[in-house]
Structure formats: structure tokens, C-alpha cells
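Structure, as C-alpha cells:
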2 protein chains.
Amino acid sequence: MSSHIFHRFVGNPLFQGLSVDDFEHIAERVPFDFHTVAPGHTIVHADDPCEGLICTLSGTVCKEEVSDLRHYSFREFITTNTVIQPERLFGLRPRYSASFLAETEVQYFSVPKREVRDVLFTLTPFHLNYLNLICTTQQLQDSRVWRSLPDSLEGRFLHFLYSRSSRPAGRKELIIDMVALAGELTATRLRVSQMLNDLNDRGLIELRRRHILIPSLETLLQKN
Amino acid sequence: MSSHIFHRFVGNPLFQGLSVDDFEHIAERVPFDFHTVAPGHTIVHADDPCEGLICTLSGTVCKEEVSDLRHYSFREFITTNTVIQPERLFGLRPRYSASFLAETEVQYFSVPKREVRDVLFTLTPFHLNYLNLICTTQQLQDSRVWRSLPDSLEGRFLHFLYSRSSRPAGRKELIIDMVALAGELTATRLRVSQMLNDLNDRGLIELRRRHILIPSLETLLQKN
């Protein structure tokens, strides 16, 4: 394995702590599948079966999740190297819950589930990285359920965005009409519209037709 | 290992699919610690470090979780053999997020983290059971975030209970004052009180001072 590839693997959260010997061991046994996806193309569709691990090596990925009644969709833009829903590899519903698209050109590799189980899990650092990753995701998600609902409408809107974010930072996009958002925030359409226009005037969000763009969720959360 | 103990292990979700040979292998290497807890006593406190797996063998366990601002607490009663928060064994925050108390006399055993990792994980059925268990928990919890908020106040109250339940069935108890509940449901105190009294009159909940008892969450969810 060339040192160039080696360094890119090391940047991935699942491969941290592996030695050069571990990489030699992996390279002999695991059929890594490398891909390059053009901007706008899909990496996985929501509901596709999760049959292996997909790890990105470069580019910006857009994660899009749709609410169960299809009232709205929520997009997150992931600019760091990431593993796509590793918690979907096992369990009762081993299918992706969101679609992942290439926002810029994206390079990624995939490892079939069998090799994850039979080869990668035998390497202690990889196995612990995987367990730590899925347990951390679960812990962060669980903690959000127990946050009290804020009194103010602006606070409730931020709570709505925060609860649906994998990471409470970065660029997000909410595609929703005003009536549906008013329903989700239990407020009138007029009050929701005033609250959004105020955030727009303060430069914290950008309003477009049916689209609410949040350039930086961390800035929006800090300003509240 | 006596056949009596063996059968009780088999009833635990993590030990399903293990052979008699596997149990012999485990019995030689793992220092199982058996406990009996009297009614009303604590098994683990919220925020205790999770240093191993705790598996119940008999009795009813009460799981109590408190909201971050301590506005309310929510209790679930677990009558089947269970593993206490296995997703807290790894990750960024390896501490229990809830307290677990013995409602009746509870028997349980614990396995230290080291033996889980070094002995139990080497047995494929155990390892897959563990991965399936934590991934399923994560998948169910994630899916709840994307359910649309119902229009009716009664629907929103059920959504509140459902989102906080590990299992959308069984006996639950919500300890909250009316002002805090009105805030969580974004409704007036009067409307919340009317809605609860209506559910009480229909025999679906029992109202006590600051306590809302739900004898069967599945019945309540079906009647809505």
C-alpha cells in the first residue's frame, strides 16, 4: 500500500491507531473498492440496504433526510472525511435512513460487511473505533431528547434544527413550507414568518422559496 | 455450569445462539458477579460510570430519566430480562444516562468491560447480538426524530411520551407539574389539564398530584 493511500486512511476515524503492519494485513485480505462521484450524483439512496462501510476520502457530502410524512426534508453538508451511517450495518433495520449525495466531487472507498466482520474487527483499534463511533452517535442523539423545549419561538426553531442534526455545526438546509413549519413549531404561520424574517435580517439564515439556508448552525446557536 | 443457570442465560438477548461449548468456554474465563437487589434499591445511578454489562435475570426494573433542566422525570417499568444500557460501555460518554431501580426483587449478573471485550466478543453469536442490540436501539431512536408533530394536543402528548420511551409499550410514569408540561407541549395550562382529565376519564391514564401514570402505553397509543 503506497504511503499516500496510507495517510488518507489514517485520516478516517475508523482507521486511527492502526499500525503499518495492520495496514499490510488489511491490504492483503480486504477488497477495497475505490470510487469517484461527480457533483450532484448519489452515493447512497435512503432505504438502500447497508451492505458495507462507506468511508469518504475527499469532497463535500450532502446528507438528506425526509420526514416520515414527507412534510419536509433536511440537508446537512459534511466537509470532513466521514463514515456513512456505520450504525446501519447491523440491527433490525440495516438500511440507510438518509440519502447521501456528492456536493463537490467525492472520493470514497467501501468495504463489504463480510470483510468488516471477518478481517477489520479482528484488529483491536478498528474494532474499538467502530464501537466508540456508534455508541457516541447514540449517546449524543439520546441526550437531545431530554433537552427541555425552549419557551421562545426562535428557541423552538433552533431546537428543531439541533434535534435533527448529526453534528450541531456547519451548513444546513431545511426545505419546508410555512404551514408545515408552523405545525412543527405549534405556532401561527404569521409568527413563524416574522421570526424567520428577523433571523434573515440579522444575517443568520437566508430565506428562499420553501428553503431555509443556515450557513453556520454553530453561529445561529451561539446568537440565541 | 448448571443447566438451571444455563437456561437463564439463554433468555438474555445477548446470549442467544451460544452453544453449550461456548458456555463452558465462558464459565472458565469470565468472573460473573451475581446480585440480588431488594425492592426500592438502586442497581445503577444516572451518571455512574459504565464499567461492564449488567444483565437482569428476574424481577421488574424501573428506569428513571430526568430532563436536563430537571423539569420532569420519566419512569419506565421493564418486566423482561434486559441488558442495562449496553451502548454506554463505549463512546464519548461511558456513563449511564438513567437510574435503574429494583421495583420488585431483581436478580442480575454483571460482566466487567475487560471480559466483555477479551472473552465474550470472541464468540461470534455474542458479538453479533451486541452489535445488533445497540444498532437497533440507535435506529429506533433515530426514526422517532423524523415523525411529524401531530396537530392535536392529545397527539402531541402521546408524541412526547413515545419519544422518551425505550419501548413504546408497558407501564410508564411521568412526574411533572402542569406548568412545565404546558411548556413542553406549547399549550396553555388549562388546555393541558382538560386533555389529561379527558384521558383520565377514559381510563387511559391515572392522574395523581404531579404524577401521570400510564398503565399501558400501547393501549394509549392505539386509542388515539
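Worth a mention:
- Diffusion coefficient of the range A:81-224 by Stokes-Einstein, Kirkwood radius over Cα pairs, 4 °C, 1.567 mPa s: 72 µm²/s.
- Volume per residue of the C-alpha convex hull in the protein assembly as shown, rounded to whole Å³: 152 Å³
- Relative contact order of chain B, defined on C-alpha pairs under 8 angstrom at six or more residues apart (%): 21 percent
- For A:Glu24, inter-copy separations between label points set 7 Å beyond Cα along the Cβ vector come to 3.8 nm, shortest first.
- Report summary: the helix-based calculation at 222 nm, which adds -39500 (n - 2.57) for every DSSP H run with n ≥ 4 and divides by the residues of chain B, gives -11000 deg cm²/dmol.
- Bridging of A:Lys63 to lysines at a Cα separation below 30 Å is possible for A:Lys113, A:Lys172, A:Lys223, once same-chain residues fewer than 8 apart are set aside.
- Copies compared at B:Gly11 - label distances in nm, ascending, label defined 7 Å from Cα in the Cβ direction: 5.3
- Given +1 at the Cβ of Lys and Arg, -1 at the Cβ of Asp and Glu and no other charges, the dipole of the range A:156-209 around its Cα centre is 140 debye to the nearest 20.
- The range A:14-124: mean projected area of Cα convex hull, nm²: 7.5 nm²
- Which of A:His159, A:His211 has the fewest Cβ neighbours within 10 Å, and the rest in rising order: A:His211, A:His159
- Cβ crowding within 10 Å, taken as a proxy for footprinting-reagent exposure, orders B:Phe34, B:Phe74 from fewest neighbours to most as B:Phe34, B:Phe74.
- For the range A:36-94, trypsin sites (Lys or Arg not before Pro) are listed when DSSP marks them as loop and at most 10 other Cβ atoms sit within 10 Å of their Cβ; the list is A:Arg70.
- For chain B, modelled as a GNM whose springs connect Cα atoms under 10 angstrom apart, the maximal fluctuation among B:Val20, B:Val111, B:Val83 occurs at B:Val20.
- Counting every other Cβ atom within 10 Å of each residue's Cβ, A:Phe109, A:Phe77 order from fewest to most as A:Phe77, A:Phe109.
- Considered as an equivalent ellipsoid built on the Cα gyration tensor, the range A:153-222 has semi-axes of 18, 13, 11 Å, the largest given first.
- Against the main long axis of the alpha-carbon atoms of chain A, helix A:189-201 sits at an angle near 70°.
- Efficiency of FRET from Cβ geometry, A:Ser148 and A:Thr42, R₀ 35 Å, rounded to 0.05: 0.40
- For the range A:187-224 and the range A:69-142, distance of Cα centres in Å: 30 Å
- Exam field: A:Leu190 pseudo-label spacings to other copies (7 Å along Cα-Cβ), nanometres: 2.1
- Approximating the spin labels as points 7 Å out from Cα along Cα→Cβ, the A:Asp33-to-A:Val179 distance works out to 4.3 nm.
- Computed magnitude of the charge dipole of the range A:68-224 (debye, nearest 20; Cβ of K, R +1, Cβ of D, E -1): 300 debye
All of the numbers you see were taken from the coordinates with simple rules; none came from a lab. Just so it is clear, the structure is predicted and the values come from calculations on it, not from any experiment. Cβ sites come from the backbone with ideal geometry, for glycine too, and all protein chains shown count toward neighbours.
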